[in-house]
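Report on the structure given below.
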Amino acid sequence: MNFFRSSAAVTLVLVVMGVLPGCATTQEPGDPRDPWEGFNRAVFEFNEAADKAVIRPLAVGYVRVTPRPVRNSVGNFFANLGDVTNLFNNLLQFKFDAAANDFGRLAFNTTFGLLGAIDVATHMDLPKSNQDFGQTLGYWGVPPGPYVVLPFLGPSTVRDTPTRYVDARTNPLYYHNNRGRRNIAAGVSIVDTRAGFLSTERVLEDIAPDRYIALRNFYLDRREYLIHDGEVPGRDWGADLFDELEEMEAMEAEERREEERQ
């Protein structure tokens, strides 16, 4: 599960989700989706402290010393591994067209894309999907249960927490025989993902009076959006805004490709 990376994109999503003051309907403290708020806030503060002390400094250093094209290749490599999970879950949801798309991405990116370092599939009109086993359970009607913040892992729900194990087992990295290299690769993936949030966090700091509530609402509403493919009964998600979001993400991807060609 990649979150949106560009500042403009995240701001737009927060508008849609009602996080910005004066926009849509905001969720007040005491949200029934979050009955364990006291515990969750304590874990949230712990995660924030750990991030500021360790993970964020590593991400900042990574961005400073690693050229953008190299970072793009690293992100593409791990995204290619994630397409195995996307394929697995699209099959479980009987979304066979999407599964065929995932298989095509894997085939072309792994071969012509040099093990996924280059995302050639997107240029072939094979867009990346975003699926996990928690979404699969939600698709088949399993309710999310209470919101929970996990130590180090962040936002989740009672339904989604154990599904992380299933998703880990569908990632090819899990089966790498060399444990040391596997752990290094996992660490690089974490740092690379965190680096993508550096601009996003500045947006949240500027617009969200309560960072915990903003992230909680964003996570829960986004999960519902993904599970229902943007068509949640009784919810107006602002389709035009999400179309604009996709356009901005496409523009950001094109800018990265331009940097790679220079």
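Residues that are without any contact (Cβ under 8 Å) to a residue 60 or more places away in the chain and open to solvent by less than 60 Å² (accessible area, probe 1.4 Å), at least 3 per element: which helices (runs of 4 or more DSSP H) completely within the range 149-232 meet that?
Once the helices (runs of 4 or more DSSP H) in the range 149-232 are filtered for at least 3 residues that are without any contact (Cβ under 8 Å) to a residue 60 or more places away in the chain and open to solvent by less than 60 Å² (accessible area, probe 1.4 Å), what remains is 160-169, 179-195.
Which one of these does Ser6 not meet: (1) surrounded by 18 or more Cβ atoms within 10 Å (Cβ to Cβ); (2) modelled with pLDDT of 50 or more?
For Ser6, the exception is condition (2).
Kindly indicate which of Ile213, Ile207 is within 24 Å of Glu37 (Cα to Cα), out of contact with any strand residue (DSSP E or B) (no Cβ under 6 Å at 6 or more places or on another chain) and at pLDDT 85 or above.
After applying the criteria, what remains is Ile213.
Specify which of the listed residues (Asn72, Asn76) is under 19 Å from the mean Cα position of the chain (by Cα) and open to solvent by less than 30 Å² (accessible area, probe 1.4 Å).
Asn72
From the list Gly116, Gly134, Gly145, which one is more than 22 Å from Arg33 (Cβ to Cβ) and not acidic (Asp, Glu)?
Criteria check complete, one pass: Gly116.
The values are calculated or read from the model by the stated rules, or taken from the named source; none is laboratory data. In this text the structure is predicted, and so the values were computed from the model without any measurement. Neighbour counts run over all protein chains shown; Cβ positions are idealised from the backbone, glycine included. SASA here: full protein model, heavy atoms, side chains in, ligands and nucleic acids out. Shrake-Rupley method; radii C 1.70, N 1.55, O 1.52, S 1.80 Å.
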